[in-house]
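Data first, discussion second: the structure below is written as structure tokens.
FYI, it's all coordinate maths here, none of it is from the lab. Computed from a predicted structure; not experimentally measured. Counting neighbours? That spans all protein chains shown, and the Cβs are built from the backbone with ideal geometry, glycine included.
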Amino acid sequence: MDVMDYEARYTTVDSLKKKEVLFKEALDLENVDRGLFARKRESWHVPELEDPYKTLIPCFRSSIFPGKVFEETSTMLFKEKELKPVQVVESLAVFEEQFLNYFCEGMLRDLCWDHVVAAGGAVAGCLQKIPPENSHNSYTKRKYLHDDAFPVSC
């Protein structure tokens, strides 16, 4: 299953359970790729993995995400907060602004990103729109990301 197949199947899924099954299939295929890479480590050339973006979903060019409101949630380990629908930012520029200017407070703005990958909750969090009540100015956006949305990131 490639990204296009995953995206096509994802858009037709109508329940959380089916989405979890689809995700498990994708994860199993990724683990096969990891195994191929691990077994052929000595050459760094794995023909089956020629495409370095094979399993990455381009979220700003994907029909899965733009402007979509996510209302379904899977089981959470910590149920301290009431879960609200999440909306994804509309462009890469907005994500970069939230990640670089407000979350990282400008410290990574001039970093050469050629061989750097940012991953984890900070990236996923900055893909979310900041609620209107917290987007009046730079101070309220920064305060929201650090104090309300991701208090353990500081």
- Any idea how far apart residue 91 and residue 129 come out in nm if each label point goes 7 Å out from Cα toward Cβ? 1.5
- Task: List 55, 12 from most exposed to least, where exposure is judged by having the fewest other Cβ atoms within 10 Å.
- Result: 12, 55
- Quickly rank 133-146, 15-28 as a protection proxy: mean count of other C-beta atoms within 10 Å, highest first. 133-146, 15-28
- Message: Amide H of residue 88 versus every other amide H placed in the peptide plane: which residues, excluding those fewer than 5 positions away on the same chain, fall under 5 Å?
- Response: 67, 68, 129
- Task: Read phi for every residue in region 130-146 and hand back ³J(HN,Hα) as whole Hz from Karplus 6.51 cos²θ - 1.76 cosθ + 1.60, θ = phi - 60°, with x for Gly and Pro.
- Result: 6, x, x, 5, 10, 10, 6, 7, 4, 4, 5, 5, 4, 4, 4, 5, 8
- Message: Among 105-116, 86-97, how do they line up by average Cβ neighbours within 10 Å per residue, starting with the highest?
- Response: 86-97, 105-116
